[in-house]
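Scroll down for the structure; my scribbles are underneath it.
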Amino acid sequence: MNISEKAQLAKQGDKEAFVCLIRAVERNLFIVARSIVKNEADCADAMQETIAKAFSNIHTLKEPAYFKTWIIRILINECNRMIRKKKRVHPVPYDMRNTTYTSEYEQIELFEVIDELDEQLQTIVTLYYIEDLSVKEIAKVLEVSEGTVKSRLYRARQKLSELALGEGEAKYGSS
Amino acid sequence: MDHHERVDRDLKQFLKTKSQNMAIPDIVQHAVDNALSSLPESNVKQRTTLKRWRWTAAIMALIVLLGTVSFFTVPTFAQMVRSLFAKDYTDIGLLRAQELGLVYDPHIKVKDEGYKLVINEAVADPTRVTMALQLFDKKGEHDRNKLVFVDPNNITIKDDHGNVVGSMYDMGLTNDFYYMVAFFSKPLQTDKITIEGNIRTLGYQKEPLIEGNWDFSFDMDMKEANRQTQIEKLSGSYTTPHGMTITLKRLTRMVQGVRFELETELDDTAMARSPGDLWEKQMLSFHFETMEGQEIYSVNPRKEGYKDSLMTSEHQVIGNGKMRWSYTFKYLPEHESYRFVLDAYSVAEKDGSRISFKPSELTEPKTFDILKDRVELVGTSLEASLSGDSTYETVITLYGELENEATYEEWNAYDPAGKSYEISLRGGYSFVNTLPDNWREGLISMGDRYTQQPIEFRVQGLEQIPEELTLVREVVDKRYKDPDWSVLLNEQE
């Protein structure tokens with residue numbers, strides 16, 4: 001499926017094309033949402049609202065090739081709105097005693113790694129490493145400066161290396 | 001490719017693989033299905049109001065869980081080490097430090113601006129320093145988010161000559177304290193270290209920064225930890241079918257970790273394939289297993305779901321074609337025999353494989369096979385340069401499946417006149433076709449076919465799509481998975 005073509009059709013009012021687009025990015029949307037709101041029910045709410053908003057506003061999409069970035073931006077706004085409403089209460093605080101985290105890396109799930117980062121790094125890491133957004137695109141989506149994105153990525157890299165790759169700070173490239 | 005780029009590539013591989021393996025939870029999938037089936041037929045500037053939903057049961061479950069969580073008190077560092085161990089967290093080195101009485105209480109309490117920084121527990125040996133740091137607010141509650149270790153905040157480690165030998169970072173893992181660690185790729189050789197904290201700001205996200213002074217400094221005696229260090233000489237040597245000789249050197253057991261050292265040497269034929277400094281770009285893949293064939297730890301495997309315990313690793317050139325490697329693991333068996341198995345290795349070599357195509361004829365994907373690797377060109381376009389300088393560059397989108405490694409490969413593009421252009425790569429890699437019981441099989445996937453996200457070869461400076469384009473892989477990160485060697489270690493009488 002060509003995202004640009006489908007997005008162009010969706011822009012012209014093609015509902016089926018819009019549904020195809022959502023099916024293509026639903027996993028991406030869930031991963032981004034989960035990096036901001038911490039439980040599945042909130043992810044579901046945020047994604048539902050995002051889909052509705054995207055459908056009714058898709059005529060405002062300027063560049064069909066950037067559909068994914070565009071809808072991620074809507075989703076992030078939706079998640080942030082939800083957090084503001086809930087005053088950032090963590091319903092399930094991460095706690096060693098209540099999770100199944102082990103250092104055996106094959107058992108680490110994606111969010112066990114992401115959740116270990118400072119909150120301000122989690123979405124940036126998701127967008128950069130998983131969604132392949134550029135620094136410039138992330139800056140635009142999160143409405144922060146490119147310098148801020150770079151410095152946060154710098155901070156995230158060190159900790160991620162330890163968590164995900166089992167590297168210490170002195171590890172060089174390939175082991 | 002510099003260090004950060006390599007780390008980024010590895011992180012992308014790891015995180016993308018994890019994201020691909022993750023199923024969307026049912027309640028989220030239902031919400032998406034519900035949203036899509038509730039869409040009106042026309043989307044012309046209509047605002048659809050979807051009824052929001054919530055499962056009462058989910059709320060109830062959360063309330064119960066919150067109540068349960070609040071029963072717990074904050075554990076001590078030692079208790080947490082125990083709890084980690086009880087949960088199969090295999091940081092046996094940290095546990096051993098505790099058992100040997102090497103958990104040190106520096107009695108650090110620094111108060112300013114209503115916040116109190118406390119350090120009661122720290123462990124140091126030649127492999128690493130581990131420390132629990134807590135920050136209490138005016139109400140006496142530990143704030144896990146207020147302290148961020150970025151400039152001007154830092155914690156450094158100095159040896160007994162005052163040289164900075166490392167800096168600590170927050171490893172995460174627990175909300176109970178800031179879990180500060182520093183790893184040393186070469187065992188520290190000092191009788192005393194000094195931990196110096198420069199903490200001048202507190203603040204989190206968009207909160208206003210609180211400026212103050214929570215600096216601290218304390219010494220840690222390393223003599224007992226040094227006394228616990230034992231060196232075992234290793235023996236065993238093997239030459240691979242393609243000319244790499246591997247020689248095991250020694251094992252250094254320290255309180256919190258084990259350092260494993262070996263040397264490699266390439267023969268003349270192998271060196272001829274990797275002229276200049278290409279031969280220095282190598283990677284080893286190996287694993288340790290029990291006598292029953294159970295995996296202990298693996299390094300750089302293609303195995304699906306492997307056990308990792310690596311804290312640091314490094315390699316350095318010690319002669320022409322010769323390299324010395326060292327790896328520090330959290331643990332290797334002390335009292336049982338186990339086996340070292342060499343699985344594969346890679347060396348950057350000159351390649352020259354060419355892919356020529358006419359962009360205008362790329363109306364459907366075109367596949368090329370080069371040295372056991374497969375590249376599928378998907379499309380060509382002209383796009384604004386990522387450098388943001390208002391120029392354009394040719395972008396080739398493609399998928400690929402590599403038998404070889406990707407870390408050190410280099411590509412260039414050539415126009416019909418033979419002019420060369422550098423290629424920068426954008427996109428993600430992941431492992432595919434890996435197996436849970438095989439360390440050697442599996443491929444590196446360039447791009448993500450599942451989400452239909454090919455990678456991009458961005459040809460810098462090529463401002464018009466030429467009639468014909470040639471891509472040349474100048475350097476291949478050649479992977480050899482044909483070693484057939486294992487060594488029995490810690491042989492018991």
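Below are the figures for this structure:
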{"read-out": "Accessible surface of A:Ile74 - all protein chains present, 1.4 Å probe, nearest 10 Å²", "value": "30 Å²"}
{"read-out": "Distance between modelled label sites at B:Asn213 and B:Asp484, nm, 7 Å Cα→Cβ extension", "value": "7.0 nm"}
{"read-out": "B:Lys419 accessible area, assembled protein chains, probe 1.4 Å, Å²", "value": "120 Å²"}
{"read-out": "Reduction of at least 10 Å² in accessible surface, 1.4 Å probe, comparing all protein chains with the chain by itself, residues of segment B:278-320", "value": "B:Met283, B:Asn300, B:Gly305, B:Tyr306, B:Lys307, B:Asp308, B:Leu310, B:Met311, B:Thr312, B:Ser313, B:Glu314, B:His315"}
{"read-out": "Charge tally in the Cβ shell below 12 Å around B:Asp151, where Lys, Arg are +1 and Asp, Glu are -1, B:Asp151 excluded", "value": "+2"}
{"read-out": "Partner chain coverage, peptide A:54-61 - average Cβ within 10 angstrom", "value": "4"}
{"read-out": "Three-way shape label, chain B, alpha-carbon gyration tensor, a/c 1.5", "value": "oblate"}
{"read-out": "Mean residue ellipticity (222 nm) of chain B, computed from DSSP H runs ≥ 4 via -39,500 (n - 2.57), nearest 500", "value": "-4500 deg cm²/dmol"}
{"read-out": "Segment B:Asp33-B:Tyr238, length gained on full extension (0.36 nm per residue, minus Cα span)", "value": "68.0 nm"}
{"read-out": "Point-charge dipole on Cβ atoms (K/R +1, D/E -1) for chain B, about Cα centre, debye to 20", "value": "1320 debye"}
{"read-out": "Percentage relative contact order, segment A:1-92, counting C-alpha pairs under 8 Å, at least six apart", "value": "36 percent"}
{"read-out": "Average accessible surface area per residue within chain B, 1.4 Å rolling probe, Å²", "value": "46 Å²"}
{"read-out": "Rounded to the nearest 20 debye, dipole of segment A:1-92 from Cβ charges on Lys, Arg, Asp, Glu", "value": "480 debye"}
{"read-out": "Cα gyration tensor, segment B:185-256 - rounded (a/c under 1.5), prolate or oblate", "value": "oblate"}
{"read-out": "Under 24 Å from B:Lys146, Cα to Cα: lysines that are on another chain or at least 8 residues apart", "value": "A:Lys38, A:Lys85, A:Lys86, A:Lys87, A:Lys150, A:Lys159, B:Lys109, B:Lys111, B:Lys116, B:Lys138, B:Lys206"}
{"read-out": "Förster radius 41 Å - calculated FRET efficiency between B:Ala272 and A:Asn77 (Cβ-Cβ, nearest 0.05)", "value": "0.10"}
{"read-out": "Extension gain (nm, one decimal) between B:Ile318 and B:Glu468, 0.36 nm per residue minus Cα-Cα", "value": "49.5 nm"}
{"read-out": "Projected-area average for segment B:296-355 over all orientations - Cα convex hull basis, square nanometres", "value": "6.9 nm²"}
{"read-out": "Dipole moment magnitude, nearest 20 debye, segment B:291-380 about Cα centre, only Lys, Arg, Asp, Glu C-beta charged", "value": "340 debye"}
{"read-out": "Separation of the A:Lys140 and B:Leu100 label points, Cα + 7 Å toward Cβ, nm", "value": "5.5 nm"}
{"read-out": "Simple label model, 7 Å out from Cα along Cβ direction - B:Asp191 to B:Glu364, nm", "value": "7.8 nm"}
{"read-out": "Estimated buried accessible area (total), pair B and A, 1.4 Å, Å² to nearest 100", "value": "8600 Å²"}
{"read-out": "Positive minus negative residues near B:Glu474 (Lys, Arg vs Asp, Glu; Cβ under 9 Å)", "value": "-1"}
{"read-out": "Shape parameters for segment B:350-475, alpha-carbon atoms, Rg then Dmax in Å", "value": "14.9, 50"}
{"read-out": "Cβ crowding within 10 Å averaged over residues, with B:259-268, B:315-324 ranked highest first", "value": "B:259-268, B:315-324"}
{"read-out": "Computed Rg/Rh of segment A:1-92, alpha carbon atoms with Kirkwood Rh", "value": "1.01"}
{"read-out": "At R0 = 45 Å, FRET efficiency that the Cβ-Cβ distance of B:Arg354 and B:Glu141 yields, to 0.05", "value": "0.10"}
{"read-out": "Solvent-accessible surface (1.4 angstrom probe) belonging to A:Tyr154, in square angstrom, nearest 10", "value": "140 Å²"}
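The values are calculated or read from the model by the stated rules, or taken from the named source; none is laboratory data. Fair warning: this is a prediction, and the values are worked out from it, not measured in the lab. Backbone-built Cβ (ideal geometry, glycine too); neighbour counts: all protein chains shown. The accessibility values were calculated without ligands, DNA or RNA, using every heavy atom of the protein model including side chains. Shrake-Rupley method; radii C 1.70, N 1.55, O 1.52, S 1.80 Å.
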